[in-house]
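Okay, so here's the structure we're looking at.
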Amino acid sequence: VAVEIRTDGHHWSQSYERGVPTAPLAQGEATEETGTSVTFWADSSIFETTDYSFETLSRRFQEMAFLNKGLTIKLTDERASAKATAGADSDEATAGEPEEPRTVTYHYEGGIVDFVTYLNSRKGEVIHPTVIDIEAEDKDRLLSVEVAMQWNGGYSEGVYSFANTIHTHEGGTHEEGFRGALTTLVNKYARDRKLLRDKDDNLTGDDIREGLTAIISVKLGEPQFEGQTKTKLGNTEAKTFVQKVVYEHLADWFDRNPNEAADIIRKGIAAATARVAARKAR
């Protein structure tokens, strides 16, 4: 790894191999610029493969841009093979002209709201036009949460959680808090508004989340990752924090948007009706 930093009026550089500096920190020429450049070469004695996948990096960088509102990430593939492929795919490629490197740029002012919109754009009609956007921070506990959610007309659930921008594939306490708040609130609201009758059973979490696309992103000072692949969040404070924040903000959104809230609940009721009918048919 080679690191170059422009700060404190100078250019600084240092290289590392296997985590150990190869030379002392070097002070270079004076500069008024600021910024950091990091160059990484994969060690073939450590990694099974040192061949980078443009598609894999592109997906991850797009994800990072969604999770960090306003951040711009530019990915350029300057390998000769990539330039040849890009030139072959171009209708305007002309013999003798230099091939342009393959480049993508990601920037999302809406952050995870744009993420949900992007995911739902491939899932057909949405149940309510506005993406529900929730943000809260507890500075004393170094804990913050962002949630964006929107129901579509489909039948599959798409809830994705992240902790410190790491995709927590196995879920965890932040996701448990979200699911608990959502299930409790929807059932309470449905009964208060007589959308569920006294004799009706409560909607299950699966009923409520049918057609839901949601992003849950928490940031913690000291995250605790569990599970075989370390992609499950274990911080207990994340559950109570997320549950309280989501319940309060979503309750407020339901109160301010009663028609959309009723549509969401009716979709859950339809899912419950279909579930019961399928069980009886067996």
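The values are calculated or read from the model by the stated rules, or taken from the named source; none is laboratory data. Being a predicted model, the structure only gives us computed values, none of them experimental. FYI the Cβ positions are ideal-geometry reconstructions off the backbone, even for glycines, and counts take in every protein chain you see.
Test of understanding: among ALA251, ALA238, ALA271, which residue is buried (at least 20 other Cβ atoms within 10 Å of the Cβ), in a helix (DSSP H, G or I) and in contact with a helix residue (DSSP H, G or I) (Cβ under 6 Å, 6 or more places away or on another chain)?
Values: ALA251 fails: buried (at least 20 other Cβ atoms within 10 Å of the Cβ); ALA271 fails: buried (at least 20 other Cβ atoms within 10 Å of the Cβ).
Within the list ALA251, ALA238, ALA271, the selection yields ALA238.
Checking the structure you have, find out if any residue of region 193-214 is within 24 Å of ASN68 (Cα to Cα), without any contact (Cβ under 8 Å) to a residue 12 or more places away in the chain and either surrounded by fewer than 20 Cβ atoms within 10 Å (Cβ to Cβ) or under 18 Å from the mean Cα position of the chain (by Cα) (or both).
Looking only at region 193-214, we keep the residues that are within 24 Å of ASN68 (Cα to Cα), and these are 212-214.
Cutting the leftovers down to without any contact (Cβ under 8 Å) to a residue 12 or more places away in the chain gives us none.
No, there is no match, as no residue in region 193-214 is within 24 Å of ASN68 (Cα to Cα), without any contact (Cβ under 8 Å) to a residue 12 or more places away in the chain and either surrounded by fewer than 20 Cβ atoms within 10 Å (Cβ to Cβ) or under 18 Å from the mean Cα position of the chain (by Cα) (or both).
Any residue in region 175-186 that is at pLDDT 95 or above, over 21 Å from the mean Cα position of the chain (by Cα) and buried (at least 22 other Cβ atoms within 10 Å of the Cβ)? Lay out the reasoning, then the answer.
Restricting attention to region 175-186, the residues satisfying the condition of being at pLDDT 95 or above are 175-186.
Of the ones still in play, those that are also over 21 Å from the mean Cα position of the chain (by Cα) are 183-186.
With buried (at least 22 other Cβ atoms within 10 Å of the Cβ) added as a condition, the list becomes 186.
Among the residues of region 175-186, at least one is at pLDDT 95 or above, over 21 Å from the mean Cα position of the chain (by Cα) and buried (at least 22 other Cβ atoms within 10 Å of the Cβ), which makes the answer yes.
Would you confirm whether any residue within region 84-100 is outside any helix (DSSP H, G or I), modelled with pLDDT of 90 or more and either out of contact with any His (no Cβ under 8 Å at 6 or more places or on another chain) or not assigned by TED's automatic domain parsing to the domain that holds PHE162 (or both)? Give the derivation first.
Step one: filter region 84-100 for residues outside any helix (DSSP H, G or I), giving 90-100.
Going one step further and asking which of them are modelled with pLDDT of 90 or more, we end up with none.
No, the conditions are met nowhere in region 84-100.
Return yes or no: is LYS280 over 22 Å from the mean Cα position of the chain (by Cα) and crowded, with 19+ Cβ neighbours inside 10 Å?
Values: over 22 Å from the mean Cα position of the chain (by Cα): yes; crowded, with 19+ Cβ neighbours inside 10 Å: no.
No.
Residues being over 26 Å from LEU57 (Cα atoms), among the hydroxyl-bearing types (Ser, Thr, Tyr), outside any strand (DSSP E or B) and in contact (Cβ under 8 Å) with a residue 12 or more places away in the chain: count how many of those fall in region 4-45.
1
Looking at TYR108, is it crowded, with 19+ Cβ neighbours inside 10 Å, modelled with pLDDT of 95 or more and more than 25 Å from PHE225 (Cα to Cα)?
yes
Kindly indicate whether THR72 is closer than 30 Å to ASP114 by Cα and in contact with a helix residue (DSSP H, G or I) (Cβ under 9 Å, 6 or more places away or on another chain).
On the way: closer than 30 Å to ASP114 by Cα: yes; in contact with a helix residue (DSSP H, G or I) (Cβ under 9 Å, 6 or more places away or on another chain): yes.
Answer is yes for this residue.
Does ARG275 qualify as being over 23 Å from the mean Cα position of the chain (by Cα) and more than 25 Å from VAL116 (Cα to Cα)? Even if it seems obvious, please write down each step before you answer.
Values: over 23 Å from the mean Cα position of the chain (by Cα): yes; more than 25 Å from VAL116 (Cα to Cα): yes.
Yes; evaluated as a whole, the condition is true for this residue.
Would you check which residues across region 12-41 are among the small types (Gly, Ala, Ser) and more than 25 Å from GLU78 (Cβ to Cβ) and list them? Show your work before the answer.
Going through region 12-41, the residues among the small types (Gly, Ala, Ser) turn out to be 13, 15, 19, 23, 26, 28, 30, 35, 37.
Correct list: GLY19, ALA23, ALA26, ALA30.
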